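S.K.: Attaching a single structure in structure tokens format; questions to follow.
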Amino acid sequence: MKLAVTIPDGVRRIIDTLGSNDFEAYLVGGCVRDGLLGRETNDWDITTNAKPDQVQGLFEKVILTGLQHGTVTVVLGDGHYEVTTYRIDVSYTDGRRPDEVQFTSALEDDLARRDFTVNAIAYDPRADRLCDPFGGQVDLRGRQIRAVGIPRDRLQEDGLRSFRAIRFACSLNFEIERTLSDALANTHESVKKVSIERIYIEVRKTLMSKQAGRGLTLLYESGLLSTGLPFLGPLKGSVVSRLAAVMDRIDTNWHSRFAAFIGLSDVKPDELCKALKVPNQIQMAVRKINSVLSWAVSQARPDICALLALVGRDYWRDGFALRSIIQSEDKPAIDAVVEIIEQNRLSNLPLYSRELAVSGHEIMDAVRIKPSKRVGLIMDTLLDSVWKGHVPNKKHELLVMSVAINSQMDAHT
């Protein structure tokens, strides 16, 4: 097999520099795997028999990224590149990282510590040569994820590897080799040692793949979902099946897929987001999208505008698209609402009083009142009138109406 990607100049420069100083240097891991599959990659990892201090001495700017594990980052004009010394991982007790590493002069020793055969291939660009002692190319051709060494031992070293196996299978459209698949359900103790944040990242990547439904099913059937994210509670198989069936049909943006997961899983959104430390922006998007899922469908213009104000211009399409998928019986009514919004350009109307063509100060000047709650009430009434189509969003017309609204308020006091 041949790498079918262009290697950045910076990567070649690092490898040439190491090579010209009598060190070995190879590309390794995901960049080689993806390159052999003809997939683009931005993750260029370099491994070498040079020690970290020797690498540091060869380049002008180096960041000591993970010195305890033999990794330094070389900073060049076109990017940052990690360079790691060949190493052997001695033992794991925290279920995530080795307790100790020992540097080695043998590339095969370094490849032997890696998780899956497709990630244990190294490539020397200078000699145009692959080093593949564990049959990674065979597994790439056979489209399977297979462990390096004994599957159960490899997964117990690092609890995140079980999630990675499923993620790679779904993102690459590969099968998981049988003994590795069997081992997924027997490594839950190591999974419990992994931080929820790291598990969330892996689950997110799986659910963002083109085979998200398959990934969710594998996570559920292996027990990894309940073990890794125990606060989800005991999800029912019927719920997972339904969610898996619709997940691949949802646009590949995380806020939509996460909203679907929450909407169908019957979990408490705030508690889930807090436990996963979900960024505020994603939490906000999920809340807005889920508000569409619970909306009582109406074709009345004020009701639609009120929903748009609640959801915002950025998420109403995502919300309606998701509802059409997971509540398919509502699709005709939702399509009709979308048509009304687009044909009447309702999303271009002012959705909030601050977007009206008049300000509170202009209203106070027009009706000759001082700052008070009445100003807000007048602006809310103006906004409702614009939504109903009773007045255009133009300054003169709004000021005239504000005088009339103020007079009506006076008449009722």
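The values are calculated or read from the model by the stated rules, or taken from the named source; none is laboratory data. Please read all numbers here as calculations on a predicted model, not as lab measurements. Here the Cβ is made from the backbone with ideal geometry for all residues, glycine too, and neighbour counts use every protein chain on show. What goes into the accessible areas is simple: the full protein's heavy atoms, side chains included, and nothing from ligands, DNA or RNA. Shrake-Rupley method; radii C 1.70, N 1.55, O 1.52, S 1.80 Å.
S.K.: Do we have any residue at all in segment 180-189 that's touching a strand residue (DSSP E or B) at 6+ places or on another chain (Cβ under 7 Å) and either among the polar types (S, T, N, Q) or in contact (Cβ under 8 Å) with a residue 24 or more places away in the chain (or both)? Lay out the reasoning, then the answer.
M.R.: To start, the set of residues in segment 180-189 that are touching a strand residue (DSSP E or B) at 6+ places or on another chain (Cβ under 7 Å) comprises 180.
This time we only want the ones that are either among the polar types (S, T, N, Q) or in contact (Cβ under 8 Å) with a residue 24 or more places away in the chain (or both), so: 180.
Checked segment 180-189: at least one residue is touching a strand residue (DSSP E or B) at 6+ places or on another chain (Cβ under 7 Å) and either among the polar types (S, T, N, Q) or in contact (Cβ under 8 Å) with a residue 24 or more places away in the chain (or both).
S.K.: Any residue in segment 42-64 that is over 11 Å from residue 82 (Cα atoms) and of a type in the set (Lys, Arg) sitting within a Cβ distance under 8 Å of a residue that is open to solvent by 80 Å² or more (accessible area, probe 1.4 Å) and not in a helix (DSSP H, G or I)? List the pairs, counting only those 6 or more apart or interchain.
M.R.: 51/103
S.K.: Do you know which residues across segment 262-281 are over 25 Å from residue 341 (Cα atoms) and surrounded by 14 or more Cβ atoms within 10 Å (Cβ to Cβ)?
M.R.: Passing the criteria: 262, 264, 265, 267, 269, 272, 273, 275, 276, 278.
S.K.: Among what's in segment 140-169 and is charged (D, E, K, R) and either under 10 Å from residue 187 (Cβ atoms) or part of a loop (DSSP other than H, G, I, E, B) (or both), pick the residue that is nearest to the chain's Cα centre (by Cα). Before you say what the answer is, go through the steps one by one.
M.R.: Of all residues in segment 140-169, those charged (D, E, K, R) come to 141, 143, 146, 152-154, 157-158, 161, 164, 167.
After this cut, where a residue has to be either under 10 Å from residue 187 (Cβ atoms) or part of a loop (DSSP other than H, G, I, E, B) (or both) as well, the list is 143, 146, 152-154, 157-158, 161.
Values: 143: 24, 146: 25, 152: 28, 153: 29, 154: 26, 157: 25, 158: 22, 161: 18 Å.
Ranking the qualifying residues of segment 140-169, first place goes to 161.
S.K.: Go through 206, 179, 217 for me and flag whichever is under 25 Å from residue 326 (Cβ atoms) and open to solvent by 10 Å² or more (accessible area, probe 1.4 Å). Lay out the reasoning, then the answer.
M.R.: Details: 206 fails: open to solvent by 10 Å² or more (accessible area, probe 1.4 Å); 179 fails: under 25 Å from residue 326 (Cβ atoms).
Only one candidate passes the filter, namely 217.
S.K.: Run residue 117 past the list (1) touching a strand residue (DSSP E or B) at 6+ places or on another chain (Cβ under 6 Å); (2) open to solvent by less than 20 Å² (accessible area, probe 1.4 Å); (3) not charged (D, E, K, R) and report the number of the one that doesn't hold.
M.R.: (1)
S.K.: Only one of these is small (Gly, Ala, Ser) and under 26 Å from the mean Cα position of the chain (by Cα): 296, 285, 336, 306. Name it. So that I can check it myself, show each step before the final result.
M.R.: Working: 296 fails: under 26 Å from the mean Cα position of the chain (by Cα); 336 fails: under 26 Å from the mean Cα position of the chain (by Cα); 306 fails: under 26 Å from the mean Cα position of the chain (by Cα).
When all the criteria are applied, what remains is 285.
S.K.: Which residue is farthest from residue 306 (Cα to Cα), if the candidates are limited to segment 381-395 and must be open to solvent by 90 Å² or more (accessible area, probe 1.4 Å) and without any contact (Cβ under 8 Å) to a residue 40 or more places away in the chain? Talk me through it step by step, then tell me what you get.
M.R.: Residues of segment 381-395 that are open to solvent by 90 Å² or more (accessible area, probe 1.4 Å), as a first pass: 388, 390, 394-395.
Then drop every residue that is not without any contact (Cβ under 8 Å) to a residue 40 or more places away in the chain, which leaves 390, 394-395.
Working: 390: 16, 394: 20, 395: 22 Å.
Per the stated criteria, the residue is 395.
S.K.: With respect to residue 99, is the statement that it is modelled with pLDDT of 90 or more and over 24 Å from residue 41 (Cα atoms) true?
M.R.: Values: modelled with pLDDT of 90 or more: no; over 24 Å from residue 41 (Cα atoms): yes.
When the stated conditions are applied, residue 99 does not pass them.
S.K.: Do any helices (runs of 4 or more DSSP H) lying entirely in segment 247-307 carry at least 2 residues that are hydrophobic (A, V, I, L, M, F, W, C) and at pLDDT 90 or above, and which ones are they?
M.R.: Working: elements: 254-265, 269-276, 280-293.
In segment 247-307, the matching helices (runs of 4 or more DSSP H) lie at 254-265, 280-293.
S.K.: Within segment 145-170, how many residues are open to solvent by 50 Å² or more (accessible area, probe 1.4 Å) and not charged (D, E, K, R)?
M.R.: Filtering segment 145-170 for residues open to solvent by 50 Å² or more (accessible area, probe 1.4 Å) gives 146, 149-150, 152-153, 156, 164.
Now drop any that are not not charged (D, E, K, R), which leaves 149-150, 156.
Total meeting the criteria: 3.
S.K.: Moving on. How many residues, within segment 123-143, are open to solvent by less than 50 Å² (accessible area, probe 1.4 Å) and closer than 24 Å to residue 159 by Cα?
M.R.: Total satisfying the criteria: 4.
S.K.: Now, a different point. I'd like the full set of residues that are open to solvent by less than 50 Å² (accessible area, probe 1.4 Å) and without any contact (Cβ under 8 Å) to a residue 40 or more places away in the chain, limited to segment 350-380.
M.R.: Start the filter on segment 350-380 by keeping residues that are open to solvent by less than 50 Å² (accessible area, probe 1.4 Å), which leaves 350-351, 353, 356-360, 363-364, 366-367, 369, 375-376, 378-379.
Of everything in segment 350-380, those that are open to solvent by less than 50 Å² (accessible area, probe 1.4 Å) and without any contact (Cβ under 8 Å) to a residue 40 or more places away in the chain turn out to be 353, 359, 360, 363, 364, 366, 367, 369, 375, 376, 378, 379.
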